[in-house]
Amino acid sequence: MTCVRRGWQAGVMELWHNPRCSKSRQAKALLEERGAPFRERRYLDDPPSAEELDAVLRALGLEPWELARLGEPIAKELQLRELPHERAAWLELLAAHPILIERPILFSGDGRAALGRPPERVLELLEP
């Protein structure tokens, strides 16, 4: 599986990062401490498309509703807890409201991904 993002470089990891999130900052620091090459993507400013989310979720082995931050005010506003589990609709919803995407996520150029909960989980992608 490869990421569908335009300009994606094989072998380059991409960290979906929110600098206001402590877990995201910790994951970034862990990667930097190990000298791991990665591209930082501030996904709130540069939201992933539904297609990109689909690729990352497949790599994570998760469904969109399993990656959603249901405690966010917009999640309550949209009544996400009651929303039917229809994958395409959830992908579009997360793409439209990236604040709902759990973070951090590290996506590797070889199609693997790790959700940094806890932040140390991103280090799994440094191993072949």
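Key figures
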read-out	value
Summed residue charge, Cβ within 13 Å of Lys76's Cβ, Lys/Arg positive, Asp/Glu negative	-1
Long-range amide H partners of Arg39 with built H, under 5 Å	Met13, Glu14, Leu15
Dipole of the chain, positive end: most advanced residue of Ile99, Ala88, Leu62 [Cβ charges, Cα centre]	Ile99
For the chain: relative contact order, % (alpha-carbon pairs under 8 angstrom, 6 or more apart)	37 percent
Unit charges on C-beta of K, R, D, E only; dipole of segment 13-126, Debye	440 debye
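Coordinate-derived values only; no laboratory data. Here the structure is a predicted model, which is why all the values come from computation and not from measurement. Every residue, glycine among them, receives a Cβ derived from its backbone with ideal geometry; neighbour counts consider all protein chains shown.
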